[in-house]
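The values are calculated or read from the model by the stated rules, or taken from the named source; none is laboratory data. Quick caveat, the model's predicted, so the values are computed rather than measured. Counting neighbours? That spans all protein chains shown, and the Cβs are built from the backbone with ideal geometry, glycine included.
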Amino acid sequence: MYSFDPDPLRIGPLAVDPPLILAPMAGITDRVYRRIMAEHGAGMVTTEMISAEGICRNSRATWNLCTVDPLHPVPTAVQLFGARPEAMAEAAHRLEQQGAVLIDINAGCPVRKVMRQGAGAILLENPGLLALIVEQVKRAVTLPVTVKIRLGWDEQSVRPVEIARRLAAAGADGLTVHARTARQHYAGVADWSWISQVKAAVDIPVIGNGDVTSPALAQRMLWETGCDGVMVGRASIGNPWLFAVIAARWGVRPDLERTLNWTDFRETVRFHVEELLKLRRKKGIGLLRRIPMWYLSGCPGVSQVRQQLMALSEPERMLDLVDTKVEEWQARDVPFPAVKVPEDAGLPVATSNGSGDKD
């Protein structure tokens, strides 16, 4: 493996090394998931979206979502969503008291039930309110405060540079730019040219997000946009070894090359299911079944294994099936798919007006 040595990402007093961050994903980045990604090379991990109102109400379910595993070897960012500046500030203050090290404000979620509350990506339509939220959260905590944004609500309202400048002026310590509009959700092409423009416009760290599905693309994002860090979300699902490969190539964790094998695959799947059982005992079997399915995606004969998994209702039998398949692949010397997207997967060319391709 070749080595590339980017500088650590510095957000206030935090040093994120490698500058490689697990994105917040609702229903996915629980503390088990975060621990796995941290141990496999992420330089920082992020909670699921946390409701500021839930924290203010002292909801046990909400607090459970942001419990930090003391065994995490890297910082954990807590991502808050909400529309009331006073609630966001109060929630951030309470989280700091409980040991949070960074607060990230969500201004990019395109999910309707979040936006109905005036939160998430709809805040991009009201940058004054978003800036006020940043100001009040900054006054309430001594922690670094970052904001995750999209390019705009739709192609007609793309203005990330203007919004980034307002947020930097309001006191934000860093920004993450998901280079799509809210209307795009996850379709089309992320237009990285906007990440470059935001980076050139502000003096705070900028993290790039969108369409990083391979080590080559992670490196390409850093080079082409000049961003300070890279955030990876969906491409990590069932594939923590993507982080391992990137961290090793970036010269930060060369030891992680040893995890790129079928033994670690089997142990990781088992750990994920067993720890999730401890964390969510009341959840249905469907949640547990999807974990091995995540990992098996891209493996040989996956459609047959998926059918077999669907017929099982006991977690231990699911794990036994995974063990059996791994033993078969090892016996046949099947290469371990550490990166499930080809290395030469190119970056699609974005449109010249910075709006990204349409569906």
Exercise. Restricting attention to region 265-277, does a residue exist that is surrounded by fewer than 18 Cβ atoms within 10 Å (Cβ to Cβ), under 25 Å from the mean Cα position of the chain (by Cα), assigned by TED's automatic domain parsing to the domain that holds residue 206 and assigned to a helix (DSSP H, G or I)?
Worked result: no
Exercise. What are the residues in region 16-40 that are of a type in the set (Gly, Ala, Ser) and modelled with pLDDT of 95 or more, if any?
Worked result: 23, 38
Exercise. Among (1) in contact (Cβ under 8 Å) with a residue 24 or more places away in the chain; (2) not assigned by TED's automatic domain parsing to the domain that holds residue 185, which single condition is residue 232 missing?
Worked result: (2)
For this session: Working only within region 131-162, note down all residues that are in contact with a helix residue (DSSP H, G or I) (Cβ under 8 Å, 6 or more places away or on another chain), closer than 23 Å to residue 21 by Cβ and touching a residue at least 40 places away in the same chain (Cβ under 8 Å).
Result: 133, 137, 141, 142, 143, 145, 147, 149, 150, 151, 161
For this session: Find all pairs meeting these conditions: Cβ atoms under 7 angstrom apart; at least six residues apart or on different chains; first residue within region 184-204 and within 17 Å of residue 230 (Cα to Cα); second residue crowded, with 17+ Cβ neighbours inside 10 Å and among the polar types (S, T, N, Q).
Result: 191/355; 192/225; 195/225; 196/225; 199/225
Exercise. For the subset of region 194-236 comprising residues that are over 22 Å from residue 338 (Cβ atoms) and among the hydroxyl-bearing types (Ser, Thr, Tyr), which member is surrounded by the most Cβ atoms within 10 Å (Cβ to Cβ)?
Worked result: 225
Problem set entry | Selection count, region 60-74, where residues are of a type outside the set (Val, Ile, Thr) and within 24 Å of residue 130 (Cβ to Cβ) | 2
Problem set entry | Scope region 104-151; condition at positive phi and buried (at least 23 other Cβ atoms within 10 Å of the Cβ); matching residues | 120
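Within 30 Å of residue 167 (Cβ to Cβ), part of a helix (DSSP H, G or I), of a type in the set (D, E, K, R) and touching a residue at least 24 places away in the same chain (Cβ under 8 Å) - does that describe any residue in region 221-229?
Yes, region 221-229 contains at least one residue that is within 30 Å of residue 167 (Cβ to Cβ), part of a helix (DSSP H, G or I), of a type in the set (D, E, K, R) and touching a residue at least 24 places away in the same chain (Cβ under 8 Å).
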Seminar exercise, completed: Going through region 212-241 in order, the residues found to be more than 10 Å from residue 22 (Cα to Cα) and touching a strand residue (DSSP E or B) at 6+ places or on another chain (Cβ under 7 Å) are 212, 218, 221, 222, 225, 227, 228, 229
